[in-house]
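The values are calculated or read from the model by the stated rules, or taken from the named source; none is laboratory data. These numbers were taken from a predicted model, which means no experiment stands behind them. We place every Cβ from the backbone using ideal geometry, glycine too, and count neighbours over all the protein chains shown.
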Amino acid sequence: MILFYCFLISLLVVFFVMPFFIRLMLKYNVLDSSGGRKIHKGEKVNIGGAVIFLAFLTSYIIAMPQISQHDSIDLMIVFIAIISCIVIVGIRDDMNSLTAKNKLIIEIIAIMFLCAIGIRIDNLYGFLGIYSLPNWISYSITIFFYIVILNTYNLIDGIDGQSATQALSVFVPLLIFFALIVPDKTSVNSFGSIYFWSIVCVSIIGAIIGFLKFNWEPSRVFMGDTGSISIGMILASVMIAAIQYNGAYGEGILILGFPVKSNIGVITSLFFIPLADTLRVFSHRILKGHSPLEPDKSHIHHYLLRTGASHAESALIVLSFSIIISTIGIIASTILDDNIFIPLLILLYILYVYTLSSVTKSRIKTMKKKRLCQMKLN
């Protein structure tokens, strides 16, 4: 029942606060202008991520008495304090852009605090024959993982509805994982019980669904860096916790009665499309002699828009791809261990790049032919 209340509270906070927030931002002209790689029309309210976090925080605080029965309240406060600091950094960045270097330094400091309280990748659970990791390697891998997820999630926030739907495509299966699949035990040597992570997932899900009402095409508000880096930080934290629980229980975790053999790959596959697209874009920029961080219009949503799809259609197409691959990954995890699963993800990435390029070129050619025919008829 507490999960339902957390979901409802965060959903309603966004529903009731967001209209007021939008009017306030319009009054004080805190808007995001179009132009360059920004493909929205006119000026839109930014920093919507602040309301998402407010809703998440409200639900989180209300659930604290329940969570404290299973977790240390001091660590719960530390966790939310770290995420709050990231939100402040995001607001500062949205109001007056920070340099990439300064933002990266702040993110790494926050990640190191998360590592210190136990949210880190400290075991590869047999992948490449590696199990427990030394602390310095554990910290290094975890920082890298966080930075990749944060930047990937930030980069997919390019069209109406896409960042929210992609977050839901990961948080929903992870909620099911913690609430229904993981055995009802709290002895895993990691930060947060299954109750804690279930409440984190359901609270952010409610807030994001509420946000979608205002961010769906035609949108009234964007989440901005305030939303993308805070949600990205929470997302990476939940994914690491899921890897820890998945690995700790080994094949004791069952999906439809079948033991899960993949500990790391199956969790990563939930976020496959954003990760694969970011890798594709970075590789493309490097091959052209450009910086991988140089912004352009080569992401999957840009390709889809060029083929005539609307923002809503593009977001739904990408969401459909994510759901299909996640489903395949979950099924495959009951058959393959990480030593086979992760190489298959690499092959899937190559297939993704080839398919996206081929389908997009084909659709653009078809559109050009239609335009030529219309011109001849006219």
Q. Out of curiosity, is Tyr195 touching a residue at least 60 places away in the same chain (Cβ under 8 Å) and either under 20 Å from Leu124 (Cα atoms) or touching a Pro at 6+ places or on another chain (Cβ under 7 Å) (or both)?
A. no
Q. When only residues in segment 276-319 that are among the basic types (Lys, Arg) and under 30 Å from Gly265 (Cβ atoms) count, which is modelled with the lowest pLDDT?
A. Arg285
Q: Return the only residue of Tyr195, Tyr131, Tyr139 being within 19 Å of Thr268 (Cα to Cα) and crowded, with 18+ Cβ neighbours inside 10 Å.
A: Tyr139
Q.
Looking only at segment 199-221, filter to residues that are modelled with pLDDT under 95 and polar (S, T, N, Q); which one of those is farthest from the chain's Cα centre (by Cα)?
A. Ser219
Q. Got a sec? Which of Ile86, Ile47, Ile52 is under 20 Å from the mean Cα position of the chain (by Cα) and either free of Cβ contacts under 8 Å to residues at least 12 places away in the same chain or not in a helix (DSSP H, G or I) (or both)?
A. Ile47
Q. How many of the residues in segment 265-320 are in contact with a Leu (Cβ under 7 Å, 6 or more places away or on another chain), surrounded by 19 or more Cβ atoms within 10 Å (Cβ to Cβ) and within 14 Å of Val359 (Cβ to Cβ)?
A. 3
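Evaluate the following for Ile22: is it part of a loop (DSSP other than H, G, I, E, B) and at pLDDT below 95?
In short, no.
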**Q.** Per-region count, segment 89-121, residues part of a helix (DSSP H, G or I), within 19 Å of Met239 (Cα to Cα) and in contact (Cβ under 8 Å) with a residue 24 or more places away in the chain
**A.** 8
Q: Considering every residue within segment 285-292, establish whether at least one is in contact (Cβ under 8 Å) with a residue 60 or more places away in the chain and in a loop (DSSP other than H, G, I, E, B).
A: no
(Q) I'd like the residue in segment 321-333 that is touching a residue at least 60 places away in the same chain (Cβ under 8 Å) and surrounded by 18 or more Cβ atoms within 10 Å (Cβ to Cβ) and, out of all such residues, is farthest from Gly265 (Cα to Cα). (A) Ser322
Q: Using the structure shown, decide if Ser10 is part of a loop (DSSP other than H, G, I, E, B) and among the polar types (S, T, N, Q).
A: no
